[in-house]
1. Could you please let me know if Asp213 is touching a residue at least 60 places away in the same chain (Cβ under 8 Å), surrounded by fewer than 24 Cβ atoms within 10 Å (Cβ to Cβ) and not aromatic (Phe, Trp, Tyr)?
2. When segment 554-591 is examined, which residues are found to be basic (Lys, Arg) and closer than 21 Å to Tyr525 by Cβ?
3. Just need a number here: residues in segment 280-301 that are surrounded by fewer than 23 Cβ atoms within 10 Å (Cβ to Cβ) and more than 18 Å from Asp318 (Cα to Cα).
4. Looking at segment 362-371, which of its residues are in contact (Cβ under 8 Å) with a residue 24 or more places away in the chain and open to solvent by 20 Å² or more (accessible area, probe 1.4 Å)?
5. Name the residues in segment 596-622 that are in contact with a Gly (Cβ under 9 Å, 6 or more places away or on another chain), open to solvent by 20 Å² or more (accessible area, probe 1.4 Å) and among the polar types (S, T, N, Q), would you?
6. If you go through segment 375-405, how many residues are part of a helix (DSSP H, G or I), more than 21 Å from Pro466 (Cα to Cα), charged (D, E, K, R) and open to solvent by 40 Å² or more (accessible area, probe 1.4 Å)?
7. Can you find, within segment 500-530, the residue that is farthest from Asp381 (Cα to Cα) among those that are in contact (Cβ under 8 Å) with a residue 60 or more places away in the chain and open to solvent by 30 Å² or more (accessible area, probe 1.4 Å)?
8. Restricting to segment 177-202, give me the number of residues that are open to solvent by 10 Å² or more (accessible area, probe 1.4 Å) and touching a residue at least 60 places away in the same chain (Cβ under 8 Å).
Amino acid sequence: EARDRSYHVVHYRIDVSFDEAKKMVMGNVTMTLVPFLPHLSTVALDAEELKIERVTLPGGRPLRYDVGPASLEVHLDKPYSFNDTVSLTVEYTATPKKGLYFVQPDSGYPDKPWQIWSQGEDMDNHFWFPCYDFPNDKATSEVIATVRSNYTVLSNGKLLSVKEDKAKGTKTFHWSESKPHSSYLIMIAVGDYAVLKDHAGSLPVEYYVYHKDSTDAWACLHQTPDMIKFFDEKIGFPYAWEKYAQVQIADFMYGGMENTSATTMADQALVYDARQRVDGIPTDLIAHELAHQWWGDVLTCKDWRHIWLNESFASYFDPLYTEYSKGRDEFDLAMYHSQLAGIHIDTTEGRKPVVSVGSYATNVYPRGAEVLHMLRFVLGDTLFWRAIHHYIAKNQFQPVETNDLKLAVEEATGQNLYWFFDEWLYKAGHPVFDVSYRWSDSARAIFLTVRQTQKRDSLTGVFRMPVDVEITTAAGSVTRRVNIMSADTTFVLPAAEKPVLVIFDKGNWLLKELKFEKSPEEWTYQAEHGPNPIDRMRALQALEARPDNERYVAVLAEASKSDPFWGVRNEGVTLMSRMRPKDEPVRDQIRAALIAATGDSKSAIRAAAAEGLDQFRGDDVTAALKSTLHDSSYSVVENGLRSLTRVDSLHVEALLDTFLTAPSYLNRV
């Protein structure tokens, strides 16, 4: 839970230089703070494995201090009250085990770049400078760093000056962040970089990249200004910081880190070569880290139990940018994958509330994103966006907890959603729906029975949720909203004639497992005519799961060939690849469909087809797989090679030899 605070830090001034041979930092940090107490006589700072040289007041008056295993306790010259402002300077050296990393070439990796970079989240910055290292306090900051003159330094905020000392061969970079942010978001990245300049309106946008990567980096990052513009408008709160920079760093332990105004990214996760870009560019990562500049940086979780307020928001806003840039089908597919991840984590890791100590990453990334998606469904678009605008405007530059979001929703919309927060955030699990219906000619209605069959205990109860049901007849489609309030309910919904299709949860908004009893004819109709790509995918899954699935291979094959959305074509290919029919004509049907799919316009489908062909033999299969080896996509080539080792094992060795030396991104081929 959130720490008690005896003081509030107003400003950090961090002045550092480095001894790269010793992997050492030499620093002095001046902290300006205001007491919360009427008599503050000691200031406890987080500081771990720092060698403290001295602590002084302005003017150089020394202060007494005690060094603990992870703390520095400074004894002030007199008690100060909440009307006072206290300033103290700590001089120290450190060879940090965490928080600050020295990347250097060695005999194993002679081409590795020289770099120094920090990683503060969750509470590691106190290994390289003394601070209050918990997210429930925010301060402005300055970083002044002296480095070798061939290096560039990136830090938070605005670059105030660069001063060169030619005699010493050094440069000193002075960065200043004028708006308050949590101490774990203070960063530094030092290296030999090309700085590519871009802009979003009047906002400077910068890409700190390796010189050799300049062209590829621009191809991967050029959408950043468009993303900033999109988030500005969607969130209704303009980008808050002085600039937005992204920097490549080597040996990073994550994909990216949303330091205020200066995101660090794993070098190879950020920049793809031209062939890697055939499968797509790292839009998700770039949009996710950028979204954090609002969700995580302007608003920051008060303690780590509430980290979903950082991560789930960023994990929802990156698919929202996908929807804006690539269309609704792509967005629906992304949210479907979030739902699957949220369901999967329950079975693999056990159930845990999103808001809890040590909540799983899957809970606070995809599952939490899906919770926000459901909140949007419950409120409707107009009220949801109104609530989001109010939440950030009201709490800007403050630490927040889940209840702050709940209150903002109430204040902006008048809706009391205690039940929603309770079942989806403070409790765990998800509804498992068993749905069936019958049409009554005499009543001119369908009787839709919805049962919840999930295991119930103290963590998971009966879910209360609105659901949209779409009924399609020859006359057209009608959508009706039902409110599920109990474990077993039958709804009577008007239908003048027998439906050709009934969709439960139109738009696929809910985190759920769904067993829906339908005839093969209705599933076939849904596979061909379902309005949402996820409905068509679910229909293909239902047909493949039937004991007599061989009868529906033609439906899967047709979907794999002609569905307008690649995600559905991919599902058809994947499901056929799983099947092991005994009937030879059916095997021939699948084999022909997979060979055809190796020519799809989408590389993901070509790759899936190449993988699926590994169960077949014959000259046509071998020829199709050999043709994949000339594909523009690395993933297609990889899967083609893998399948050939099974399909043509006698002759493949020489072919594999030629690909051992084929240049590829991360040597993946």
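The values are calculated or read from the model by the stated rules, or taken from the named source; none is laboratory data. Bear in mind the structure is a predicted one, so any value in this text is a computation, not a measurement. Quick reminder, even Gly has a Cβ in these numbers, built from the backbone with ideal geometry, and neighbours come from all protein chains shown. For the accessible areas, the whole protein counts, side chains as well, though only heavy atoms, and no ligand, DNA or RNA atoms are used. Shrake-Rupley method; radii C 1.70, N 1.55, O 1.52, S 1.80 Å.
1. Values: touching a residue at least 60 places away in the same chain (Cβ under 8 Å): no; surrounded by fewer than 24 Cβ atoms within 10 Å (Cβ to Cβ): yes; not aromatic (Phe, Trp, Tyr): yes.
No, not satisfied.
2. Lys561, Arg569
3. Residues in segment 280-301 being surrounded by fewer than 23 Cβ atoms within 10 Å (Cβ to Cβ) and more than 18 Å from Asp318 (Cα to Cα): 0 in total.
4. First pass over segment 362-371, keeping only residues in contact (Cβ under 8 Å) with a residue 24 or more places away in the chain: 363-371.
Hits for segment 362-371 are Tyr365, Pro366.
5. Across segment 596-622, the qualifying residue is only Thr598.
6. Count: 1.
7. Glu517
8. So the first thing to find is which residues in segment 177-202 are open to solvent by 10 Å² or more (accessible area, probe 1.4 Å), and the list is 178-180, 192-202.
Still in the list and also touching a residue at least 60 places away in the same chain (Cβ under 8 Å): 178-180, 192.
So the count comes out to 4.
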